[in-house]
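Heads up, the thing below is written out as structure tokens.
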Amino acid sequence: MRDQDWIVGVDVGGTFTDAIAIRADGTTRVAKVPSTPSDPGMAFEQALAALTGAGVTAGGVRMIFHGTTAATNALLTGGLARVVLATTEGFRDILGYRDGTRPAVYQLDQPRPRELVRRRDRIEVAERLSGLGETVTALREDEIDRVAAEIAAREPEAVAVAFLFSYLDDKHERALGEALAGRLPGIPVSLSSAVAREFREYPRTATAVVNAGLRPVVGRYLLGLRARVAQAGPAGDAPPLLIMQSNGGCVPAERAEEQAHRLVLSGPAAGVAGAVALGGQYGIRQLVSLDMGGTSLDVCLVPDGVPPLIATQLAEGNPILCPSADIVTVGAGGGSIAQVDRTGRLRVGPESAGAVPGPAAYAGGGDRPTLTDAHVVAGTLPAGLPLAGQLTLDAAAAVAVLGRLGDQLGLPAGDAADGVIRLAVAQMAGALRQVSVQRGIDPREYTLIAFGGAGPLHAGLLLRELGFRAVLIPRYPGLFAATGLLATDLRIDESRTVLRVLGPGLAADLASWYAETAQDLTARLRADGIPRTRVRLAASADCRFVGQGYELSIPVIPRGRAGVASLAARFRDAHLRTYGHADLAQDVEVVTLRLSAFGALPVPAPAAAPDGAGRDARPAGGPGAAARIGEAQVRLPGSPGPQGLPVYDRARLAPGETVTGPAIVHQVDTTTVILAGQQARTDPHGTMWLEEAR
């Protein structure tokens, strides 16, 4: 990159759309605009325009990274395209049978989950493979013609093809797919063997259908984005547009439509990537990321500097087979609505006011109490201070909606606000315990990285509740997911189910698959402009004891015969650590092979933390008078009444200056509340360290 080149990250959230631009010389510009749920691309365009207004050179943008909610919103709102499913004869109802489990075992009247494809749009096909991949019923040409004609008559928006045991041999799926492509030009066709070449019929079928249903939605969105970013490139050429995936890596927009099912956790994964990058600046490998925006709270525990991945994610009860960041999401965001249920109990979330109408305090027409409104009433979010997106807080509106909530509870507005905040914090603490204590991990050994517009607002409360070593609050917490986008690589994942018992003759076969797949993935990254020297590969295998119904993911190191040969011993060690036992005499079965390829992008790397900038650096002293911008009457959660607290402007805090609680530190994209007995210090990189005073 040249000194005047910019790279840009744009993250679309439920309430705000965040953007950050970094020049090759380290110059940074940021922007935050309200999201536009009816057309997310409009907010994307407005964010780019805001960056231009902040000094980003028009035509100087070389790459744009994007975290999108297009796939997520389509799944949550039932906005998938209408899909016709072609499946093996006798398996028409696989989407209805699902995996045979009940979400609530003892609830007799639980509603059935929404099925992804209407039963009349599922076409049975006379074809069959055995569990060994042998042809039992061949797929004839006349059957292909019949099925293609029947599918075309239904005028689908997308087609999914999922045949029995196609993960072993995809010849039947490919034959029908080619016929459909010729018969239905412009209609996307998703083959289960191409989308997820893994066993277990229901998850593979569901993944193929989700991908098919998302492709028209994501395709239209990305097509619109390409037109909107064209003007940001040099001489009118559109800069490369890279889309964040659920696995924490990016993919070029040109391929994102084909892999739409991999975008469901696009936004949350960007925040995790940013947290890992920030922790790496300070040599912190045991961390927890906490991303709290206007709609939800996303939590991820990173045990060793590498974001943990899961092979299957659930979206609206539907399994999606693709590597995804292991993120726990709860409905606790700044816009979470507080209400009294029919039993008279107070509840916060999961319903959110979102960007429209938003909290009442945003003066956008919201008339229901939210967590943000509770903080305005409590004073922890002081009215009258400048906010991102040119927002101003309407304290009277917040008092009015909390007053009505208090009337239902028999409490004054201030007590109702206190209850809303404390209940929301309890839900946040529950999510943090879910990824730590419930997995046998002591949070006191971890550092919390709190970001999102509402994350720092609750950081001090969570620090005290769970006893983290410290809390790191990034320089731009409300824009941190956009920052995380710039810390990612291109990433391609490939997998294949083999279901073979480890034996003397297996190592060569598995090593051959890794070698061939490595060549293919490397070639695809090189076609994206990544030099071979910037390509990194990571291999693993899902293994289990013969007879088990669950697997453990085991790294294959080195990637070759020696690595495969050591799988049995590595698996037994992992099984012993995980479950407390391992049978040395039991055979080990390799279930699924996995290979990931990473392409490092030429983006500016964050400067290394200098000596004295980390956790052990001692503060130089309290904040100067210039940093104090006023005083607010604040009722901290659990306290009997309000008290006057100093308010500091974070931008005016010099490196090393310490703010001793109780106090409030304000910036345009978030507010940090420091409790009594806590202190916050800003280091030379602008990161704020929040700790219990010693």
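When restricted to residues that are in contact with a Ser or Thr (Cβ under 9 Å, 6 or more places away or on another chain) and farther than 20 Å from Phe598 by Cα, the range 543-558 contains 3.
How many residues, within the range 81-103, are part of a loop (DSSP other than H, G, I, E, B) and in contact (Cβ under 8 Å) with a residue 12 or more places away in the chain? It would help to see each step written out before you state the result.
Within the range 81-103, the subset part of a loop (DSSP other than H, G, I, E, B) is 81-82, 89-93, 98-103.
From what is left, the residues that are in contact (Cβ under 8 Å) with a residue 12 or more places away in the chain are 81-82, 89-93, 98-99, 103.
Of the residues in that region, 10 qualify.
Of everything in the range 536-558 that's over 18 Å from Ile310 (Cα atoms) and either small (Gly, Ala, Ser) or outside any strand (DSSP E or B) (or both), which residue is most open to solvent (accessible area, probe 1.4 Å)? Ranking the candidates gives Ile557 first. Considering the range 654-675, the residues that are in contact (Cβ under 8 Å) with a residue 24 or more places away in the chain and small (Gly, Ala, Ser) include one that is farthest from Pro34 (Cα to Cα), namely Gly656.
Quick check, is Ala383 aliphatic (A, V, I, L, M), in contact (Cβ under 8 Å) with a residue 12 or more places away in the chain, open to solvent by 40 Å² or more (accessible area, probe 1.4 Å) and touching a helix residue (DSSP H, G or I) at 6+ places or on another chain (Cβ under 9 Å)? Break it down stepwise before answering.
Details: aliphatic (A, V, I, L, M): yes; in contact (Cβ under 8 Å) with a residue 12 or more places away in the chain: yes; open to solvent by 40 Å² or more (accessible area, probe 1.4 Å): yes; touching a helix residue (DSSP H, G or I) at 6+ places or on another chain (Cβ under 9 Å): yes.
Criteria met by Ala383.
Scan the range 652-679 for residues that are outside any loop (DSSP other than H, G, I, E, B) and under 21 Å from Gly274 (Cα atoms) and report the count. Final tally of qualifying residues: 4. Test Leu525 against the criterion of being over 30 Å from Ala569 (Cβ atoms) and either touching a Ser or Thr at 6+ places or on another chain (Cβ under 8 Å) or open to solvent by less than 20 Å² (accessible area, probe 1.4 Å) (or both), and give yes or no. Judged against the criteria, Leu525 is a match. Residues in the range 277-293 that are surrounded by 23 or more Cβ atoms within 10 Å (Cβ to Cβ) and modelled with pLDDT of 90 or more: Leu278, Leu287, Val288, Ser289, Leu290, Asp291, Met292. The numbered conditions (1) within 29 Å of Thr69 (Cβ to Cβ); (2) out of contact with any helix residue (DSSP H, G or I) (no Cβ under 8 Å at 6 or more places or on another chain); (3) surrounded by fewer than 19 Cβ atoms within 10 Å (Cβ to Cβ) are all true for Arg491 except (3). The set of residues in the range 640-690 that are touching a strand residue (DSSP E or B) at 6+ places or on another chain (Cβ under 7 Å), among the charged types (D, E, K, R) and open to solvent by 10 Å² or more (accessible area, probe 1.4 Å) comprises Asp649, Arg650, Glu657, Asp669, Arg681.
Being modelled with pLDDT of 90 or more, part of a helix (DSSP H, G or I), open to solvent by 10 Å² or more (accessible area, probe 1.4 Å) and more than 22 Å from Leu601 (Cβ to Cβ) is a condition met by no residue of the range 68-80. In the range 164-195, of all residues being in contact with a Ser or Thr (Cβ under 7 Å, 6 or more places away or on another chain) and within 17 Å of Leu116 (Cα to Cα), the one that is surrounded by the most Cβ atoms within 10 Å (Cβ to Cβ) corresponds to Ser192. Scanning the range 464-482 for residues that are touching a Pro at 6+ places or on another chain (Cβ under 7 Å) and surrounded by 21 or more Cβ atoms within 10 Å (Cβ to Cβ) gives Phe468, Ile473, Pro477, Phe480.
Show me the strands (runs of 3 or more DSSP E) entirely contained within the range 244-346 in which 2 or more residues are closer than 30 Å to His375 by Cβ and in contact (Cβ under 8 Å) with a residue 40 or more places away in the chain.
On the way: elements: 250-252, 287-292, 297-302, 309-315, 318-325, 328-330, 336-340.
Per the criteria, 287-292, 297-302, 328-330, 336-340.
A residue that is at pLDDT 90 or above, open to solvent by 20 Å² or more (accessible area, probe 1.4 Å) and farther than 30 Å from Leu191 by Cα cannot be found anywhere in the range 349-366.
Residue by residue, here is whether (1) in contact with a Ser or Thr (Cβ under 6 Å, 6 or more places away or on another chain); (2) open to solvent by less than 20 Å² (accessible area, probe 1.4 Å); (3) at pLDDT below 95; (4) under 21 Å from Thr672 (Cα atoms) holds:
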residue	(1), (2), (3), (4)
Ala609	no, no, yes, no
Arg615	no, no, yes, yes
Arg618	no, no, yes, yes
Gly621	no, no, yes, yes
Ala627	no, yes, yes, yes
Gly630	no, no, yes, yes
Gly638	no, no, yes, yes
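Quick check: is even one residue across the range 576-587 among the small types (Gly, Ala, Ser) and open to solvent by 50 Å² or more (accessible area, probe 1.4 Å)? Yes, the range 576-587 has at least one match.
Residues in the range 563-584 that are outside any loop (DSSP other than H, G, I, E, B), without any contact (Cβ under 8 Å) to a residue 24 or more places away in the chain and not charged (D, E, K, R): Ala569, Ala574, Leu576, Tyr579. Of all residues in the range 390-406, at least one satisfies being farther than 30 Å from Leu51 by Cα, open to solvent by 30 Å² or more (accessible area, probe 1.4 Å) and not aliphatic (A, V, I, L, M).
Filtering the range 497-522 to residues that are open to solvent by 60 Å² or more (accessible area, probe 1.4 Å) and free of Cβ contacts under 8 Å to residues at least 40 places away in the same chain leaves Pro504, Asp509, Glu516, Gln519, Asp520.
Note on the range 9-67: residues that are under 30 Å from Glu351 (Cα atoms), among the β-branched types (Val, Ile, Thr), surrounded by 18 or more Cβ atoms within 10 Å (Cβ to Cβ) and at pLDDT below 90 amount to 5.
Here's a check for you: in the range 22-42, which residue that is small (Gly, Ala, Ser) and in contact with a Pro (Cβ under 7 Å, 6 or more places away or on another chain) is nearest to Gly224 (Cα to Cα)?
Ala24
Answer yes or no: is there a residue in the range 208-219 that is over 27 Å from the mean Cα position of the chain (by Cα), of a type in the set (A, V, I, L, M, F, W, C), modelled with pLDDT of 95 or more and assigned to a helix (DSSP H, G or I). So far as the range 208-219 goes, no, none of its residues is over 27 Å from the mean Cα position of the chain (by Cα), of a type in the set (A, V, I, L, M, F, W, C), modelled with pLDDT of 95 or more and assigned to a helix (DSSP H, G or I). Restricting attention to the range 367-376, does a residue exist that is in contact with a helix residue (DSSP H, G or I) (Cβ under 8 Å, 6 or more places away or on another chain) and either farther than 22 Å from Val425 by Cβ or without any contact (Cβ under 8 Å) to a residue 12 or more places away in the chain (or both)? So far as the range 367-376 goes, yes, one or more of its residues are in contact with a helix residue (DSSP H, G or I) (Cβ under 8 Å, 6 or more places away or on another chain) and either farther than 22 Å from Val425 by Cβ or without any contact (Cβ under 8 Å) to a residue 12 or more places away in the chain (or both).
The values are calculated or read from the model by the stated rules, or taken from the named source; none is laboratory data. Just so we're clear, the structure is a prediction, and the values are computed from it rather than from any experiment. Note: ideal-geometry Cβ built from the backbone for every residue, glycine included; neighbour counts use all protein chains shown. Side chains included, ligands, DNA and RNA excluded: accessible areas come from the protein's heavy atoms. Shrake-Rupley method; radii C 1.70, N 1.55, O 1.52, S 1.80 Å.
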